[in-house]
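Worksheet: the structure to be examined is printed underneath.
The values are calculated or read from the model by the stated rules, or taken from the named source; none is laboratory data. Bear in mind the structure is a predicted one, so any value in this text is a computation, not a measurement. Neighbour counts run over all protein chains shown; Cβ positions are idealised from the backbone, glycine included. Just so you know, the surface numbers come from the protein's heavy atoms only, side chains and all, with ligands and any DNA or RNA stripped out. Shrake-Rupley method; radii C 1.70, N 1.55, O 1.52, S 1.80 Å.
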Amino acid sequence: MNNKIFLIGMMGAGKTSVGVELSTLIKKPFIDIDDVINASSYITQNSIEDFRKLEDQTILKISKDKKKLIISLGGGSILNQANRYIIKQNYCIYLESSIEILISRIMNQDSFRPLIQSKKNGEINIDIFKNLFKERENLYNNLSDFKINTNNKCISEITDDIRSQLISDEIIN
């Protein structure tokens, strides 16, 4: 097993928030792939296909880094087989939430989700979101070494549970 901890899940699952706090808790650097490639901006100026290519290249590059890292992946990055292979070579945590909770979180964020919104703080296309969720759910489950439901939990509860599991699985001491 490699030395990366991947956080996967749908948009709104809390990957960035959990990653930042987990990084502090277990003293490992955190990288958010969406931040590295400025995802929402890139998608609006380019095609989703171009975005996925850049995302795939970025994941491959970061996976080759020898450092122990916590990496938050974009929700759709798991659709690429090469990315799934990289994830399986490392440790993967699926931040699971219900569709209703995910939508509620997204609506309360000051962000732009170009796959499901036409503009910043715009209406969320619920049908598209549900289809994305259905398309990805089995992949998230199959890739994860540990799955944690984040519904109605605060970030510190989630990160404490993850830390305990990482110790139990001998990923950290």
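If R₀ is 41 angstrom, what is the calculated FRET efficiency for the pair Lys68 and Asn141, using the beta carbon separation as r and rounding to 0.05?
Computed FRET efficiency for Lys68 and Asn141: 0.95.
Order 69-75, 58-64, 86-92, 151-157 from most to least packed using the mean count of other Cβ atoms within 10 Å.
69-75, 86-92, 58-64, 151-157
Hey, which of these cross-link pairs are over 27 Å Cα-Cα: Lys4/Lys120; Lys67/Lys120; Lys27/Lys147? Display every interim value, and only then the final one.
Details: Lys4/Lys120 32 Å; Lys67/Lys120 35 Å; Lys27/Lys147 21 Å.
Exceeds cut-off: Lys4/Lys120; Lys67/Lys120.
If you average the C-alpha positions of the stretch 99-164 and of the stretch 38-52 separately, how far apart do those two centres end up, in angstrom?
Here the answer is 19 Å between Cα centres.
How much mean residue ellipticity at 222 nm does the chain get from its helices, if each DSSP H run of length 4 or more adds -39500 (n - 2.57) and you divide by all residues, to the nearest 500 deg cm²/dmol?
Details: 8 runs with 88 residues, N = 173.
After summing the helix terms and dividing by the residues of the chain, the value is -15500 deg cm²/dmol.
Expressed in nm to one decimal, what extension gain is obtained for the pair Asn125 and Asp110 from 0.36 nm per residue of sequence separation less their Cα-Cα distance?
3.8 nm
Picking from Asn151, Ser104, Phe6, whose Cα lies most toward the positive end of the charge dipole for the chain (charges on Cβ: Lys, Arg +1; Asp, Glu -1)?
Phe6
Relative contact order of the chain: what whole-number percent is it, with Cα pairs under 8 angstrom and at least 6 residues apart?
Working: 240 pairs, mean separation 55.9, N = 173.
Once normalised by length, the contact order is 32 percent.
What percentage of the solvent-accessible surface of the chain, computed with a 1.4 Å probe over protein heavy atoms, is contributed by carbon and sulfur atoms? Show your work: numbers first, answer last.
Values: 4190 of 9030 Å².
Ligands and nucleic acids excluded, carbon and sulfur give 46 percent.
Give me the distance in nm between label points sitting 7 Å out from Cα along the Cα-to-Cβ direction at Leu60 and Gln45, one decimal.
Label-label distance for Leu60 and Gln45, simple model: 2.3 nm.
Quick one: dipole size for the chain, taken about the Cα centre, charges +1 on Lys/Arg Cβ and -1 on Asp/Glu Cβ, in debye to the nearest 20.
Values: 23 positive and 22 negative charges, 93 e Å.
Computed about the Cα centre, the dipole is about 440 debye.
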